[in-house]
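Notes for the one structure printed next.
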Amino acid sequence: MTLTASRGEPKERSHELALELEPQLDAGHRTREAIRARLGWLPERTASDLLAVVTELVNNAVIHGPGEPIQIRITVDDDGHIRGEVSDQGQGRVAIRELAADRTGGGFGLRIVDGLTDRWGAYEGSTHVWFEMRFA
């Protein structure tokens, strides 16, 4: 795992997180630990929403990705804007799936991302997903 913080920021209030993780089953857990360590100063509700969004995107990269390292980048500006990106180097299509009435199991991840972010999307022809959120 590679972890970096923005230069010039005090450790206790970093505004940037960059990770590279192998696509292993513990990647979501490791991502949450890094977010808590680096961005733990965020308001509790915001942090909880951010953890849910990034965990869903990382888990999708582990399950559906091509097996390449997962890149995660999160930046927080002084005006309360959070921008994040998760990429697994895939060439796939990212879209919310329709759910059958009798469906059990997964399929809710991007619905969670959609509900907790202000905007999100994927760069065309890739599985490089970006999102934006705000906090007060």
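The values are calculated or read from the model by the stated rules, or taken from the named source; none is laboratory data. Just so it is clear, the model here is predicted, and its values are computed rather than measured. Note: ideal-geometry Cβ built from the backbone for every residue, glycine included; neighbour counts use all protein chains shown. Ligands, DNA and RNA are stripped out before the accessible areas are found, and what is left, the full protein with its side chains, is counted by its heavy atoms. Shrake-Rupley method; radii C 1.70, N 1.55, O 1.52, S 1.80 Å.
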I need a count of the residues in segment 80-136 that are assigned to a loop (DSSP other than H, G, I, E, B), open to solvent by 50 Å² or more (accessible area, probe 1.4 Å) and at pLDDT 90 or above.
1
Could you check how many residues of segment 30-41 are in contact with a Leu (Cβ under 7 Å, 6 or more places away or on another chain) and open to solvent by 20 Å² or more (accessible area, probe 1.4 Å)?
3
Among residues of segment 42-59 being touching a strand residue (DSSP E or B) at 6+ places or on another chain (Cβ under 9 Å) and farther than 16 Å from D114 by Cβ, the residue surrounded by the fewest Cβ atoms within 10 Å (Cβ to Cβ) is T46
Restricting to segment 17-29, give me the number of residues that are buried (at least 18 other Cβ atoms within 10 Å of the Cβ), more than 10 Å from the chain's Cα centre (by Cα) and over 20 Å from R119 (Cα atoms).
4
Among the residues of segment 3-16, are any modelled with pLDDT of 95 or more, open to solvent by 30 Å² or more (accessible area, probe 1.4 Å), out of contact with any helix residue (DSSP H, G or I) (no Cβ under 6 Å at 6 or more places or on another chain) and polar (S, T, N, Q)?
no
In this structure, is T75 in contact (Cβ under 8 Å) with a residue 60 or more places away in the chain, among the polar types (S, T, N, Q) and more than 26 Å from E124 (Cβ to Cβ)?
no
